[in-house]
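I have placed the structure first, in the form of structure tokens, so that the comments after it can refer back to it.
The values are calculated or read from the model by the stated rules, or taken from the named source; none is laboratory data. Only a predicted model underlies this, so the values are computations on that prediction, with no experimental measurement involved. All Cβ positions, glycine included, derive from the backbone under ideal geometry; neighbour counts span all protein chains shown. In case anyone asks, the SASA skips ligands and DNA or RNA and just uses the protein heavy atoms, side chains included. Shrake-Rupley method; radii C 1.70, N 1.55, O 1.52, S 1.80 Å.
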Amino acid sequence: MIGLTPAIGVAQDEDPSDGVAAGSGESATESESESEAEAETAAESEAESESESESESEAEAEAEAESAGGTPALVPPGGVPPIPGVREPRPVQAPEPEPPPEPIPLPRYSLELRLGVSFPGDFSFDQALAALRYDGVRAAPSVVVGVQVPVLDWLWLGGRLGARGRGWAHPDRDPATLAAGELLATAQARVWLGRVVELGVLVAGGLGWMQVAVRDAATDQAVGRFSLEAILAFKTGPHFAFGPRVGYDFFEWSGVNAYGHGVDVGGFSLGLALEGRE
């Protein structure tokens with residue numbers, strides 16, 4: 001009996017239920033640790049799979065943009081938000097193309113009034129009058145009226161009727177005079193520089209008539225007549241134009257008297273013309 005007491009004491013100190021409880025507690029702690037580890041592993045794997053899917057979607061978007069020939073969009077889908085204090089630029093609108101200018105209408109006809117002066121040469125008749133103390137001015141004022149009809153955009157045909165004259169004064173006698181008239185056919189070539197300025201050249205030819213009177217004697221003669229003229233016109237409205245004229249007139253008479261003297265009423269000419277167009 002004495003020998004069994006210690007064994008029983010030992011057995012009483014070491015309760016089997018305590019050992020079982022301790023063993024079950026350690027098993028529960030290990031299970032919880034394993035569950036937490038598995039949950040963390042699952043969360044990490046999910047995060048990795050999400051990041052991989054996002055990287056793949058971004059790579060696919062960049063590949064699609066490159067295949068379409070563009071660059072990846074740098075502007076968010078909603079657009080750039082307005083910046084406080086900065087005015088947004090207005091959209092630039094391309095100017096509308098101007099319509100082509102309308103063609104310049106041609107008139108049905110044009111009436112012309114030309115006032116000018118020509119500077120005749122010093123012919124033998126002038127020298128003979130100078131020997132008789134006649135003093136003449138080598139200038140012949142002229143007036144011309146004409147009509148032109150455009151047959152093409154650049155070609156005008158028409159005619160002119162004009163008159164001009166000269167005089168030689170004498171200190172004791174009546175002056176000697178020369179009167180002349182002309183009837184000419186004309187052809188003009190004209191071009192527009194813009195819509196206001198017009199350039200052209202005129203060629204005229206026809207018949208001229210002269211009459212010379214010295215003291216109580218007078219003689220006349222029909223002669224040939226030729227003219228070449230440069231035209232500069234400025235359009236002042238739908239029906240009017242004016243401008244200077246510069247040219248040369250061939251208008252001379254050889255054999256005015258029995259001495260065979262010649263006289264001239266043409267030469268280099270200047271003029272100013274006014275046109276009325278309809």
10 Å-binned pair-distance histogram of segment 78-168 (Cα, whole percent): 11, 19, 15, 13, 10, 7, 8, 7, 5, 3, 1
According to the square roots a ≥ b ≥ c of the eigenvalues of the Cα gyration tensor, what is the shape class of segment 133-191, taking rounded for a/c under 1.5, prolate for a/b larger than b/c otherwise, and oblate for the remainder? prolate
Percent of Cα-Cα distances greater than 18 Å, calculated over segment 138-278: 59
Proximal charge balance of Ala204 [Cβ under 15 Å; K/R count +1, D/E count -1]: +2
Å² of accessible area per residue within segment 167-250, as computed with a 1.4 Å probe and no ligands counted: 51
Percent accessible area from carbon and sulfur atoms, segment 107-249, protein chains only, probe 1.4 Å: 67
Give the accessible surface of segment 93-135 per residue, rounded to a whole number of Å², with probe radius 1.4 Å and ligands, DNA and RNA excluded. 74
Hey, rough spin-label estimate for Val191 and Val246, points 7 angstrom out along Cα→Cβ, what's it come to in nanometres? 1.8
Segment Ala213-Gln93, extension gain: residue separation times 0.36 nm, minus the distance between their alpha carbons: 35.3 nm
